[in-house]
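Written out below as structure tokens is the structure these notes cover.
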Amino acid sequence: MNLPANGRVIHDANHWIGEQDRLSMGAAVHPVGSVIFAKVGAAIFLERKRILSMPSCLDNNMMSLALNRDLVDPTFLQYALSYRSLGDLVSTTALPALSAGTLRGQVILVPTDPSEQRAIAGMLERADRAVEDLQRLLEKVLDLREAALCQLVSGSIRLPGYIGDWPSEPFHGAFRVVSIRGHQLQTDEYQELGRLPIVDQGKDLIAGYTDRIDLRIAPPAGTAIVFGDHTCIVKYVDFDFVAGADGTKVLVAAPGWNARFLAYHLEFRGVQPTGYNRHFKYLKVMSFRRPELEEQAAIAAVIAEFDAQAAALRREIEKLRDLTTAMAQDLLSGRSRLT
């Protein structure tokens, strides 16, 4: 089910057998249109359901639902199963398992008219394709961003109107370290809501919120760079925040440096993580090439535009997913009917 060709429908397989091999193994043939999914182990909780496009054999960790296709459309059933959790039905044993008996006790609402089933499935497929189109566009924007980051920050390509060499400066010539001793919040103190955002060394820009205004960090000139001592993740921050947990390093740009450019510079040069170790010591011995301040700002603006486009696409994808989920729940439950 992980193969690239097998999105909602199984078109390809890792292994193939002939009829004689099948007969010698006593393997059952599961017909076209069957909906298949994992029945043993942690794979159940991945909630992957696929439709067979050809007669197939399954291994012992899989289960299929063979349909009377005159009564039930396979794509409709797949969507109906996609919006319910099979993981909630597993037996509570050392090895998670889903039994046929448990599935037989489940009730799924199905329109009696197969054409209505196909219409509902078609509408949900179109919504999914719209999400996939946006995801492909997001991937393209991220590829362009990566190319711009590598070429512009390295100086291999210069923006029009800028010439001259870039001198190299040591870490202490580019950054100032902000002491946050006594101003860090432990992970178990994070809240979902609060007056101030929490920035730590995790992958998300904002890890949580807090009401501890006594721990507020107001970056000089309104901007800071957060470096994860353990994770090597770099974040550009242009708002007041509270530093979270151990390993969060707060830096600001030295005179003659643009903070956003430095953040991109760190992202490009970076420090390769070596597991859960301290990495700030490697950052402090690095050197950084410095364009003129105006060119730094121009480079940062180009890459920031890609960031803005990517953020807008992520919001659109999330919004469309939410709308699709709401629509699916209404259509699959019969609360809403297609005209």
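Coordinate-derived values only; no laboratory data. Note that the structure is a prediction, hence the values are computed from the model and not measured. Glycine gets a Cβ as well: all are built from the backbone with ideal geometry, and neighbour counts include every protein chain shown.
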Requested in this report: Determine the distance separating the Cα centre of the range 1-38 from the Cα centre of the range 154-231; give it in Å without decimals.
Outcome: 50
Report task. Can you tell me the relative contact order of the range 9-110? Whole percent, Cα pairs under 8 Å, sequence separation 6 or more. Result -> 29
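What does the C-alpha gyration tensor say about the overall shape of the chain? Classify as rounded when a/c is under 1.5, otherwise prolate if a/b is larger than b/c, or oblate. Mind showing how you got there, number by number?
Values: a/c = 2.33, a/b = 2.17, b/c = 1.08.
Since a/c reaches 1.5 and a/b is larger than b/c, the shape of the chain is classed as prolate.
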Report summary line: Output ordering of 80-87, 33-40 (per-residue mean of other Cβ within 10 Å, highest first) is 33-40, 80-87
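What dipole magnitude, in Debye to the nearest 20, does the chain give about its Cα centre under +1 on Lys/Arg Cβ and -1 on Asp/Glu Cβ? Before the final figure, lay out the partial values.
Numbers: 37 positive and 40 negative charges, 59 e Å.
Computed charge dipole of the chain: roughly 280 debye.
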Query raised in the report: Using alpha-carbon pairs under 8 Å, 6+ residues apart, how would you state the relative contact order of the chain in percent?
Result: 15
Query raised in the report: Could you name the aspartates and glutamates in cross-link range of Lys39, using Cα to Cα under 15 Å and dropping any fewer than eight places away on the same chain?
Result: Glu47, Asp59, Asp88
**Report entry** Lys, Arg +1 and Asp, Glu -1 on Cβ, resulting dipole of the range 9-110 about Cα centre, debye, nearest 20
**Finding:** 220
Report task. Give the distance, in whole Å, between the Cα centre of the range 310-330 and the Cα centre of the range 45-89. Result -> 24
Query raised in the report: Projected onto the charge dipole of the range 169-296 (+1 at Lys/Arg Cβ, -1 at Asp/Glu Cβ, origin at the Cα centre), which of Ile213, Phe241, Phe280 gives the Cα projection farthest towards the positive end?
Result: Phe280
**Report entry** For Ala254, residues with placed amide H under 5 Å, excluding near neighbours
**Finding:** Phe175, Arg176
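Ranked highest first by the average count of other Cβ atoms within 10 Å around their residues, in what order do 97-106, 289-298 fall? Provide the component values of the computation, followed by the final result.
On the way: 97-106: 11.7, 289-298: 17.4.
Descending packing order for the listed peptides: 289-298, 97-106.
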Report task. For Lys249, list the lysines whose Cα falls under 19 Å from its own Cα; do not include residues on the same chain fewer than 8 positions away. Result -> Lys203, Lys235, Lys281, Lys284
